[in-house]
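Engineer: Quick one: the structure is below, and I'll ask about it shortly.
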Amino acid sequence: MKRHARAQALLKAPPPSLQRQGQRVVLAGDWSLFALRPRLLWTRAQLRLQGRGAEEWDLTGVSRLDAFGALLVLRCWAGREPATLVIDERQRAAFERIRASAAAVLPTVRRDWLLPVRWLGQTLCSAGSHVRDFADMLGMVVLEAMRFAIEPRSIPFKEFSAALYKAGMQALPISALVGFLIGVVLSYLSALQLRNFGAEALIINILGIGIIRELGPVLVSILVAGRSGSAITAQLGVMRVTEEIDALSAMGVSRYQRLVWPKVLALAIAMPLLVAWTSAAALAGGMVCADVLLDIEWAYFASALPNVVPIQNLYIGLAKGGAFGVTIALIACHFGLRVKPNTESLSANTTASVVTAITAVILLDAIFAMLTRGIGVPLR
Amino acid sequence: MSLPANPVIRLQGIHTRYGQHWVHQDLQLDVQRGDLLALVGGSGAGKTTLLRQMIGLQKPDSGIVELFGEALMAGSRAERFARRRRAGVLFQQGALFSALSVFDNIAFPLREFGGLLEDEIRALVLSRLDMVELKPQHAVLMPAQLSGGMVKRVALARALALEPELLLLDEPTAGLDPERSGRFVDLIRSLHDGLGLTVVFVTHDLDTLSALANRVAVLAEHRILALGSLDEVHAVDHPFINKFFRYRQTVDEAGEPGL
Ligand SMILES: Nc1ncnc2c1ncn2[C@@H]1O[C@H](COP(=O)(O)OP(=O)(O)OP(=O)(O)O)[C@@H](O)[C@H]1O
Ligand SMILES: [Mg+2]
């Protein structure tokens, strides 16, 4: 077969070479990218030194010339074709393939002096679009909730239970571990100070109020924002990249009903439970440490706790958990739905989602602290 | 007909399965240097899987895969990667890097290859764009801004970037209009003539098949059912082949006005 024979011949082609004979330049061998690559510097130098001003080019010895080989030769000519050029049809085709492109220029972007102004405007607009999108989503979530009341059939129970399992159930071990260790550390540091003042019994107040009211909710929020928030954003983002969200819309299914709602509700329910669980673990850690360092028996600790920590603190902690959970879910969904169909945007939005969620939680926590400053803190 | 001894790709005794589902059973296939081999078969027959195995993206459960006369996993890391670089691949879904512009997607293999100057890369990229009939202004677009057929063409331009000696194309003309797929066939033919490429392509399009292939391999019943020139494959009497190749003829015969 002719084709196979030629392919075999090409395989055994000698490496590229170049010779100057008076006004004549003779090229030979395999002038393809893969063959040229090992001697690229040499070939470039040869072309520059020997090819300059030659009037006659002979390429009959060239067994293979690809676009790159042709490009090298073209660049050596610098736009001025030699007077005599001996090439065959195949090589002419290779030159034709590259000739137009060698001179063509990319459409360049003009220098834009208004760039800083534009940047400012874009930043403001994007901040505005965040607010608008978020309000949009919030409104849709509320509307969907109202629709659920009229039409219970459309409540996405399956998605909700899956989200609850992933965000709540699977977070139990890690949150217990983190809570316990924080409890131990906190108890240890406080115990060292309290011993100096002989106020060992106060450790129960400190740990009780600190963990139940403040540390538990915030700690869990940060964990959940990192765990579930990023997962939600990434999931929605990938669905955006692969056009699954468009497919949902095309089937007449609301993305807020199917994707946003279950996650918001799941976190709203899972978070208070996780807060209770993590606070309990942290208190357990504190008890263990207090038992060891301060000789406060855990049984005494447990029985004294309800007396020194008013029950309102627990309510505040759980309420905060629920509020933080909703915030995290909404922010994660917001950023997930804003992902543009490329991987760069996916990673940027996932990062933004986690950072924004944690910041928002801490801001909210400050607001909570102001609003509840008179509740549940025994002032003697 | 005596074929040269050292095939570009050699598949021997390939067995592949997903769970309980067999895709290939004792499959043999040699691709010779200079072949324009069409791989045809029903949807889900395992063509994509086979292409992926040829360049080691996936390992068969058992069997031997040789690329350029060497076992796929032979040699040092550098050698293995160098071997892969000699093959250009067009994935069925395009697989463009979504974070890079069209220009950077095509320039990527050239930059990785090393040693090329930036304006040489620019000229090469533009010539590849020209080959697949895209305009220079398309170079600045992102993959998400392309139409389905354009994605295919950019992916093809990327596969051709290095003008590699082996091209693996998964449904190269799916999503192209008939005129473009005709010109695509011309392009591959002229590259094949000029550079002695070996091309393996999967297609469901009988026009592309008959215009481009010099050998046809039919993948059905977990193995290569028939291998040879189009006429030789036509002559094989097997229900699948009869259906696949004769379907069009019957349509053409029946396809008078009114249908
Ligand atoms: N990762 C995977 N896990 C399980 N099964 C798979 C996987 N990839 C492919 N399959 C199965 O292997 C079979 C062959 O798939 P393959 O993609 O190779 O088909 P194909 O011949 O390319 O089909 P098409 O012409 O539709 O592209 C199919 O039945 C598919 O369901
Ligand atoms: Mg396929």
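The values are calculated or read from the model by the stated rules, or taken from the named source; none is laboratory data. Since this is a predicted model, take the numbers as computed values, not measurements. Quick reminder, even Gly has a Cβ in these numbers, built from the backbone with ideal geometry, and neighbours come from all protein chains shown. Heads up: the accessible areas ignore ligands, DNA and RNA and are worked out on the full protein's heavy atoms, side chains in. Shrake-Rupley method; radii C 1.70, N 1.55, O 1.52, S 1.80 Å.
Engineer: Within segment B:203-236, how many residues turn out to be under 28 Å from residue B:60 (Cα atoms), within 14 Å of another protein chain (Cβ to nearest Cβ) and touching a helix residue (DSSP H, G or I) at 6+ places or on another chain (Cβ under 7 Å)?
Structural biologist: Of the residues in that region, 2 qualify.
Engineer: Still on this structure, please answer the following. Here are some conditions: (1) open to solvent by less than 20 Å² (accessible area, probe 1.4 Å); (2) part of a loop (DSSP other than H, G, I, E, B); (3) within 14 Å of ligand 1 (Cβ to nearest atom). Residue B:59 meets all but one. Which one does it not meet?
Structural biologist: Every condition holds for residue B:59 apart from (1).
Engineer: Further question on the same structure: Of these, B:90, B:110, B:156, B:124, which one is more than 16 Å from ligand 1 (Cβ to nearest atom) and either more than 30 Å from residue A:42 (Cα to Cα) or more than 22 Å from the chain's Cα centre (by Cα) (or both)?
Structural biologist: B:156
Engineer: If you don't mind, another one. When segment B:17-49 is examined, which residues are found to be within 15 Å of ligand 2 (Cβ to nearest atom) and more than 24 Å from residue B:206 (Cα to Cα)?
Structural biologist: B:18
Engineer: Out of all the residues in segment A:117-138, is one or more surrounded by 15 or more Cβ atoms within 10 Å (Cβ to Cβ) and among the β-branched types (Val, Ile, Thr)?
Structural biologist: No, the conditions are met nowhere in segment A:117-138.
Engineer: Quick check on segment A:216-239. Is at least one of its residues touching a residue at least 24 places away in the same chain (Cβ under 8 Å), among the basic types (Lys, Arg) and in contact with a Leu (Cβ under 8 Å, 6 or more places away or on another chain)?
Structural biologist: No, segment A:216-239 has no match at all.
Engineer: Are there any helices (runs of 4 or more DSSP H) wholly within segment A:76-180 with 3 or more residues that are closer than 30 Å to residue B:107 by Cβ and not assigned by TED's automatic domain parsing to the domain that holds residue A:321, and if so which?
Structural biologist: Result: A:89-103, A:115-150.
Engineer: Against the conditions (1) within 16 Å of ligand 2 (Cβ to nearest atom); (2) in a helix (DSSP H, G or I); (3) open to solvent by less than 40 Å² (accessible area, probe 1.4 Å), where does residue B:52 fall short? Just the number, please.
Structural biologist: (3)
Engineer: Which condition breaks for residue A:63 when tested against (1) assigned to a helix (DSSP H, G or I); (2) within 11 Å of chain B (Cβ to nearest Cβ); (3) in contact with an Asp or Glu (Cβ under 8 Å, 6 or more places away or on another chain)?
Structural biologist: Of everything listed in (1) assigned to a helix (DSSP H, G or I); (2) within 11 Å of chain B (Cβ to nearest Cβ); (3) in contact with an Asp or Glu (Cβ under 8 Å, 6 or more places away or on another chain), residue A:63 misses just condition (1).
Engineer: If you don't mind, another one. Scan B:82, B:38, B:74, B:78 and give me the residue that is open to solvent by 20 Å² or more (accessible area, probe 1.4 Å), away from chain A (no Cβ under 14 Å) and on the phi < 0 side of the Ramachandran plot.
Structural biologist: Of B:82, B:38, B:74, B:78, the one residue that is open to solvent by 20 Å² or more (accessible area, probe 1.4 Å), away from chain A (no Cβ under 14 Å) and on the phi < 0 side of the Ramachandran plot is B:74.
Engineer: Let me ask something additional. Checking the structure you have, find out if any residue of segment B:225-242 is open to solvent by 40 Å² or more (accessible area, probe 1.4 Å), more than 18 Å from the chain's Cα centre (by Cα), more than 30 Å from residue B:82 (Cβ to Cβ) and within 16 Å of ligand 1 (Cβ to nearest atom).
Structural biologist: yes
Engineer: Taking residue A:75, is it over 20 Å from residue B:165 (Cβ atoms) and within 8 Å of chain B (Cβ to nearest Cβ)?
Structural biologist: yes
Engineer: Can you tell me which residue within segment A:18-37, out of those that are free of Cβ contacts under 8 Å to residues at least 24 places away in the same chain and away from every other protein chain (no Cβ under 14 Å), is nearest to the chain's Cα centre (by Cα)?
Structural biologist: A:21
Let's see how each residue does on (1) modelled with pLDDT of 85 or more; (2) within 27 Å of residue B:241 (Cβ to Cβ); (3) surrounded by fewer than 20 Cβ atoms within 10 Å (Cβ to Cβ); (4) out of contact with any helix residue (DSSP H, G or I) (no Cβ under 8 Å at 6 or more places or on another chain):
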{"residue": "B:184", "(1), (2), (3), (4)": "no, yes, no, no"}
{"residue": "B:187", "(1), (2), (3), (4)": "no, no, yes, no"}
{"residue": "B:190", "(1), (2), (3), (4)": "no, no, yes, no"}
{"residue": "B:201", "(1), (2), (3), (4)": "yes, yes, no, no"}
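Engineer: Out of A:282, A:304, A:250, which single residue is more than 26 Å from residue A:351 (Cα to Cα), away from chain B (no Cβ under 14 Å) and open to solvent by 60 Å² or more (accessible area, probe 1.4 Å)?
Structural biologist: Only one candidate passes the filter, namely A:250.
Engineer: Output yes when any residue across segment B:96-104 is at pLDDT below 90 and buried (at least 20 other Cβ atoms within 10 Å of the Cβ), and no when none is.
Structural biologist: Checking segment B:96-104: at least one residue is at pLDDT below 90 and buried (at least 20 other Cβ atoms within 10 Å of the Cβ).
Engineer: Using the structure shown, decide if residue A:107 is modelled with pLDDT under 80 and touching a Phe, Trp or Tyr at 6+ places or on another chain (Cβ under 6 Å).
Structural biologist: Against the criterion (modelled with pLDDT under 80 and touching a Phe, Trp or Tyr at 6+ places or on another chain (Cβ under 6 Å)), residue A:107 does not qualify.
Engineer: Looking only at segment B:130-181, which residues are more than 14 Å from chain A (Cβ to nearest Cβ), open to solvent by 20 Å² or more (accessible area, probe 1.4 Å) and away from ligand 2 (no atom under 16 Å from the Cβ)?
Structural biologist: Result: B:150, B:153, B:158, B:176, B:177, B:178, B:179, B:180.
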